[in-house]
Amino acid sequence: PMGSMLIPEGKEGDSITLTLGLHADDLSDLALRSEAINDDEVEKITSLRILVFNEHQQFLYSTDAVLGDPTSADAFDDEAFLPDGKKGSITKIKSFKATFIQSNEPRYLHFVANYDWTGQKQDYFLVGNSAGAIIPNLITKIETANGNNYKTNAFDPMWAQVKLNKLDGESLQGKVVKLLRCHAKVTVTVAPELKGFELTGFT
């Protein structure tokens, strides 16, 4: 209902300014923003799959890593930390082992941790697809989110990308991959009977 609101006057093609209200108190900051993994949470990394792409970012294969126990990061300097070469305040890391196909050509590695791969296509069907077609489709849905800020596994998946000039036994030796919760896309859909709309935002 417009009530006594002032309706801007003008003709088609003119610029008009509208004042609207948006009610979103059920969307909490914690549910919308990235949350860092601190040193006490390294052990929460429970699975890791590495997707390997060629120099043109076309998918080749994936490999599942075998995770080890958390260890001290004291022995590693800045250069060991991929992709940005900054250790920062990191004091603990988690070791892992993975099997790759050696190559003298550049390779892009996408590290995906704590992701539920149920229902995802097998490697055979993905070969040749671009990273831009595969990575953004790795999504997690929260069907029962209600804005109460409860911890949920839906925010567990983490990701990182590393480019290597070649992939051999020394490429990742002594390196540490820094995983990120890179972004979240939140979509709020109003019930159809309320003549709904979709509000989509990134943080």
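The values are calculated or read from the model by the stated rules, or taken from the named source; none is laboratory data. Please read all numbers here as calculations on a predicted model, not as lab measurements. Cβ sites come from the backbone with ideal geometry, for glycine too, and all protein chains shown count toward neighbours. All accessible areas refer to the heavy atoms of the entire protein, side chains included, with ligands and DNA or RNA removed. Shrake-Rupley method; radii C 1.70, N 1.55, O 1.52, S 1.80 Å.
A few notes on this one:
- Surface calculation, 1.4 Å probe, protein heavy atoms: L82 sits at approximately 30 Å² accessible.
- Solvent accessible area, Å² - V42, 1.4 Å probe, full protein context: 10
- Each Lys and Arg adds +1 at its Cβ and each Asp and Glu adds -1 at its Cβ; summed about the Cα centre, the range 58-109 shows a dipole of about 140 debye.
- In Å², nearest 10: area of Y115 left accessible to a 1.4 Å probe: 20
- Sorted largest first by accessible area at a 1.4 angstrom probe radius, with every protein chain in place, the residues R49, R107 fall in the order R49, R107.
- The range 45-149: C-alpha gyration tensor shape, a/c 1.5 cut-off, then a/b vs b/c: oblate
- Protein-only accessible surface at a 1.4 angstrom probe places the residues K92, K86 in the order K86, K92, largest first.
- Among the listed pairs K97/K163; K44/K166; K86/K121; K97/K178; K44/K175; K94/K163, those beyond 26 Å (Cα-Cα): K44/K166; K86/K121
- Count Lys and Arg as plus one, Asp and Glu as minus one, and take only other residues whose Cβ is under 11 Å from that of F59; the net charge is then 0.
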